[in-house]
């Protein structure tokens, strides 16, 4: 049981060994270990600060990105609306031009038809007049074939001219 119960000499030598190791560690190793721990603590704190700053920047960038996206959507909607309005205006102008051109062509066609109609009427009148003259000429020749008939016609015309 002596192994379990420490002796007074063993305790003395253990305390002396611990004191020497403690003194050596304090003299040579304590400052570098504390410096390394402080350095590590500082680097961890810097990393945490950088991460926090980066997180804030990412949140700001995300907000800006959302804002830019919303602006782009609004601009897209405006451009599409303007394009639709331009399309509608172009279609309306094209319809109006087509209507004006159609009206003009119809007026030209009506004028041409009227001119041809008048030409046909004049031609018909000329033919009717020519036929009437030919018929009158034939009738007059038949009526005035003798001298006696010619004298009777002249007397009748003279009576019609002198209304006395």
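Of note:
- Over segment 96-164, equivalent-ellipsoid semi-axes from the Cα gyration tensor in Å: 53, 15, 4
- Ratio Rg/Rh, restricted to the chain and using Cα atoms, in which Rh is the Kirkwood radius: 2.06
- The length gained on full extension between residue 25 and residue 10, counted as 0.36 nm times the residue separation minus their Cα-Cα distance, comes to 3.2 nm.
- Measuring r between the beta carbons of residue 154 and residue 130 and using R0 = 35 Å, the FRET efficiency lands at 0.85.
- Most mobile of 56, 89, 125 in a GNM of the chain (Cα contacts under 10 Å): 125
- Contour minus Cα-Cα distance for residue 82 and residue 111 (0.36 nm per residue): 6.2 nm
- Cα long-axis angle, helix 8-24 against the chain (0 to 90 degrees, to the nearest 10): 40
Readers should treat all values here as calculations from the given coordinates under stated rules, not as data from a laboratory. Note that the structure is predicted; figures quoted are calculated from it, not measured. Neighbour counts are summed over all protein chains in view; Cβ atoms, including those assigned to glycine, are modelled from backbone coordinates with ideal geometry.
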